[in-house]
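A.B. asks: Right, I'll just put the structure down here and ask away after.
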Amino acid sequence: MTNWTEIVNGCKRGEQRAHSEAYRQSWKIIFPAVHRLIRDKAEAEDVMQEAVIKGFDRLGELKDAEKYIGWQKQICLRAALNKLRTQKSIPSLFPEIMESDESEENEIPEMDLVAVQKHLNQLPDGYRIVIKMHLLEEIPHEEIGNALGITASTSRSQYSRALNKLRKEIISEYEKQF
């Protein structure tokens, strides 16, 4: 178990060993989430490195050192979203799709994780980002809305639509196999 109080206090004192340990631990825990949002590994690495350094510069704002990873993860995910926004990778954040028949109760068949990931990556950027932030990163819709400049209810709606679209695509592929 990592003693974040000791590491953060060491960083505040300017200790190189503490900075190295915080960086290493942060990278191990947070980078996969950043990489899921920014699919290009080199760009994700750049965003992650800049965000961790930004976090080091703002350590004085951190109230509880034991919450360092969650605090740093927020900084990194916000940086990733800002990068996507400035690259115009989200030109039409939430494109209209045909409304699904909500009375259909289709269950998603068991599939391997690679197949599900493939379908997830094929979702429009807005859907993919909301579903990854909420489902995989467990970020509340209110926070997603703030980060993306939309309302929490829009985030919930996009999350629901993304799940429906994902479900239909997976079921369609599953049915083709038989």
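A.B. asks: Go through Gly55, Gly70, Gly60 for me and flag whichever is under 19 Å from Thr2 (Cβ atoms) and open to solvent by 10 Å² or more (accessible area, probe 1.4 Å).
C.D. replies: Gly70
A.B. asks: Residue under question is Glu50, and the condition is that it be open to solvent by 60 Å² or more (accessible area, probe 1.4 Å), in contact with a Phe, Trp or Tyr (Cβ under 6 Å, 6 or more places away or on another chain) and at pLDDT 90 or above; does it hold?
C.D. replies: Against the criterion (open to solvent by 60 Å² or more (accessible area, probe 1.4 Å), in contact with a Phe, Trp or Tyr (Cβ under 6 Å, 6 or more places away or on another chain) and at pLDDT 90 or above), Glu50 does not qualify.
A.B. asks: Output the number of residues of segment 11-57 satisfying the condition of being without any contact (Cβ under 8 Å) to a residue 12 or more places away in the chain, assigned to a helix (DSSP H, G or I) and of a type in the set (Gly, Ala, Ser).
C.D. replies: Residues flagged as without any contact (Cβ under 8 Å) to a residue 12 or more places away in the chain, assigned to a helix (DSSP H, G or I) and of a type in the set (Gly, Ala, Ser) within segment 11-57 amount to 2.
A.B. asks: Do you know which of the residues in segment 120-154 that are under 23 Å from Lys168 (Cα atoms) and small (Gly, Ala, Ser) is surrounded by the most Cβ atoms within 10 Å (Cβ to Cβ)?
C.D. replies: Top of the filtered list is Gly126.
A.B. asks: Only one of His119, His141 is within 22 Å of Ala162 (Cβ to Cβ), modelled with pLDDT of 85 or more and of a type outside the set (Ser, Thr, Tyr). Can you tell me which?
C.D. replies: Within the list His119, His141, the selection yields His141.
A.B. asks: From the list Ala44, Ala18, pick out the single residue that is surrounded by 13 or more Cβ atoms within 10 Å (Cβ to Cβ), aliphatic (A, V, I, L, M) and under 26 Å from Leu136 (Cβ atoms).
C.D. replies: Within the list Ala44, Ala18, the selection yields Ala44.
A.B. asks: Just to verify a result, which residue in segment 73-84, among those that are more than 19 Å from Ala18 (Cβ to Cβ) and of a type in the set (A, V, I, L, M), is most open to solvent (accessible area, probe 1.4 Å)?
C.D. replies: Restricting to residues being more than 19 Å from Ala18 (Cβ to Cβ) and of a type in the set (A, V, I, L, M), the top hit is Ala79.
A.B. asks: If you go through segment 153-178, how many residues are modelled with pLDDT of 90 or more and over 16 Å from the mean Cα position of the chain (by Cα)?
C.D. replies: 5
The values are calculated or read from the model by the stated rules, or taken from the named source; none is laboratory data. Predicted, not measured: the structure shown is a model, and the values here were computed from it. A quick note on method: Cβ atoms are made from the backbone with ideal geometry, for glycine too, and the neighbour counts reach across all protein chains shown. Quick note on the areas: whole protein, heavy atoms, side chains included, nothing else; ligands and nucleic acids left out. Shrake-Rupley method; radii C 1.70, N 1.55, O 1.52, S 1.80 Å.
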